[in-house]
Amino acid sequence: MADNTVALLRAHSRHAPWNARGLAAHATALVDAAGMRPTNASARATPSARAVRFYVAHGLLDHPMGRGTAATYHYRHLLQLLAIKIRQREGQTLEAIKTELTGATGDALERRVAQSLAPALVAGADQTVQQDDTAPLSWRRISVADGIELHVRDDSPAARSDVLAAMREAVRAALGREDVR
């Protein structure tokens, strides 16, 4: 069973790389599916892009590849972020978590996270992992402006309507076309 949950967790690596917001969204999908809530009142249940940057600045997460808006996060970052949320759920302080994560190998981190998320992983928190690679994929088309649209696969953690709306508005703002609805 443990090997199965590690394999299910490892399958998330194919979604990498992420930007800070994407990493937070992916971790949030797993945290929500597992029903994780921190016992520490000052800790939020789900991570945000701001939290990701905070954790990097304070040495809880490895530095991303690149800087600024070009920064990308990978599978190890996902494991570290999930480990932080798991340990917060167990009542640990960020300082204690930092000490624990400092010497953690990738394998140990992966096993710990897989064990904690096992019920959600086995129950199908990530349908993309259980999906046959030959099965047709379903995509959502989000119209941004005339001639511009976003394509998001339905099995992506970013396929939630609130995330899709935020992405559409972010692209519109980047285009300077906030008046386009």
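The values are calculated or read from the model by the stated rules, or taken from the named source; none is laboratory data. Keep in mind the model is a prediction, meaning the values are calculated, not measured. Ideal geometry is used to build each Cβ from the backbone, glycine not excepted, and the neighbour counts take in all protein chains shown.
For segment 146-156, the criterion of a residue being outside the structural domain of Gly22 (by TED's automatic domain parsing) and modelled with pLDDT under 80 is satisfied by at least one position. One residue stands out in segment 34-49 among those that are hydrophobic (A, V, I, L, M, F, W, C) and touching a Lys or Arg at 6+ places or on another chain (Cβ under 7 Å): the one that is modelled with the highest pLDDT, namely Ala49. In the set Val52, Val31, only one residue is assigned to a helix (DSSP H, G or I), at negative phi, β-branched (Val, Ile, Thr) and modelled with pLDDT under 85; that residue is Val31.
Note on segment 134-175: residues that are touching a His at 6+ places or on another chain (Cβ under 7 Å) and part of a helix (DSSP H, G or I) amount to 1. Here is a list: Leu61, Leu94, Leu23, Leu81. Which entry is surrounded by 12 or more Cβ atoms within 10 Å (Cβ to Cβ), at pLDDT 90 or above and farther than 29 Å from Ala165 by Cα? Unique residue meeting the criteria: Leu94.
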